[in-house]
């Protein structure tokens, strides 16, 4: 009889992921005088899509990553007031975005983490958003309001002014890493980060911005099955993958990104440069 091997190779090394991502985040914070706004794309916990396409991937490995940085981080959650008003439903859990916010707060607390505050974005006195705000405050959660900015994000003079980012509530934070997450896409995470950068640079705080994404994976081919699976999973919001032309031009290296990030990069770079009052070669 031929003895068969019972060894099963693991496709994804969670421990290596934790080690390398932790080191990369800590190094990025140092570039900005120890204050970084880190926009988290995708699901913060229970990321079963990633687990399906990456054999061995722990659906809660990003939570473990935050636990490893627990003393250095605080978590801010952004939710779009219009999604609360419309009762937008998450496809994975079948619950509304406002209910998903409460679920995420409870889930994080079970992991020994906490939401320091919630930001209701593009707030225009929607009645459902006001009720949601009151519920959060009764649970002891700080709530901040950010407002629509006419011409966002093309009217840079207005956006980067006291009548743009400056009219938003300033979110009080104390830790060097502020993780900005959301119950779903298009919640306004980027605008929250940029608004904070604008207000903090006015206060003399040299904070910076970076984005943390799981997919697409930048250093595997465009048509690799993993990146194709991501593209299929986001078909409902019309995302598609492409070679990042800005990375290619800057580093002469192929990197895979998705359309919304590529489309927004020139505006993002211009806004950041305006916030800093200079044209700078910023680490992105």
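The values are calculated or read from the model by the stated rules, or taken from the named source; none is laboratory data. Everything numeric here is computed off the predicted structure, so don't read it as measured data. In this analysis, Cβ positions are derived from the backbone assuming ideal geometry, glycine residues included, and neighbour counts consider all displayed protein chains.
Details
- Looking only at residues of region 45-63 that are surrounded by 16 or more Cβ atoms within 10 Å (Cβ to Cβ) and closer than 16 Å to residue 227 by Cα, we find that the one that is modelled with the highest pLDDT is 57.
- Of all the numbered requirements in (1) within 23 Å of residue 173 (Cβ to Cβ); (2) out of contact with any strand residue (DSSP E or B) (no Cβ under 7 Å at 6 or more places or on another chain); (3) touching a residue at least 24 places away in the same chain (Cβ under 8 Å), residue 116 misses one, and that requirement is (2).
- Condition met for residue 75 (buried (at least 19 other Cβ atoms within 10 Å of the Cβ), closer than 30 Å to residue 204 by Cα and out of contact with any helix residue (DSSP H, G or I) (no Cβ under 6 Å at 6 or more places or on another chain)): yes
- One residue stands out in region 1-39 among those that are in contact with a strand residue (DSSP E or B) (Cβ under 6 Å, 6 or more places away or on another chain) and at pLDDT 90 or above: the one that is surrounded by the most Cβ atoms within 10 Å (Cβ to Cβ), namely 37.
- Boolean, residue 70 is surrounded by fewer than 19 Cβ atoms within 10 Å (Cβ to Cβ) and in contact (Cβ under 8 Å) with a residue 40 or more places away in the chain: yes
- Condition met for residue 194 (within 25 Å of residue 166 (Cα to Cα), surrounded by 14 or more Cβ atoms within 10 Å (Cβ to Cβ) and not assigned by TED's automatic domain parsing to the domain that holds residue 38): no
- Positions within region 260-279 being part of a helix (DSSP H, G or I) and surrounded by fewer than 14 Cβ atoms within 10 Å (Cβ to Cβ), in sequence order: 263, 264, 266
- Residue match in region 259-278 (condition: more than 19 Å from residue 153 (Cα to Cα) and at pLDDT below 95): no
- Of all residue pairs spaced 6 or more apart or on separate chains, those with beta-carbon atoms under 8 Å, a first member in region 231-251 that is within 19 Å of residue 89 (Cβ to Cβ) and a second member that is exposed (fewer than 12 other Cβ atoms within 10 Å of the Cβ) are 236/91.
- Any chance residue 105 is under 22 Å from residue 211 (Cα atoms) and in contact with a helix residue (DSSP H, G or I) (Cβ under 8 Å, 6 or more places away or on another chain): no
- For the condition in contact (Cβ under 8 Å) with a residue 24 or more places away in the chain and assigned by TED's automatic domain parsing to the domain that holds residue 36, residue 204 does not qualify.
- Applying the set (1) touching a helix residue (DSSP H, G or I) at 6+ places or on another chain (Cβ under 9 Å); (2) touching a residue at least 24 places away in the same chain (Cβ under 8 Å) to residue 55 leaves exactly one unmet item: (1).
- Residues of region 173-186 that turn out to be in contact with a strand residue (DSSP E or B) (Cβ under 8 Å, 6 or more places away or on another chain) and either surrounded by fewer than 24 Cβ atoms within 10 Å (Cβ to Cβ) or under 21 Å from residue 31 (Cα atoms) (or both), as a count: 9
- For region 150-164, a residue qualifies if it is assigned to a loop (DSSP other than H, G, I, E, B), surrounded by 14 or more Cβ atoms within 10 Å (Cβ to Cβ) and touching a residue at least 40 places away in the same chain (Cβ under 8 Å), and the qualifying residues are 153, 160.
- Region 218-256, residues that are closer than 22 Å to residue 51 by Cβ, assigned to a helix (DSSP H, G or I) and touching a strand residue (DSSP E or B) at 6+ places or on another chain (Cβ under 9 Å): 227, 228, 230, 231
- Residue count for region 165-217 satisfying the condition of being part of a loop (DSSP other than H, G, I, E, B), within 27 Å of residue 88 (Cα to Cα) and modelled with pLDDT under 95: 11.
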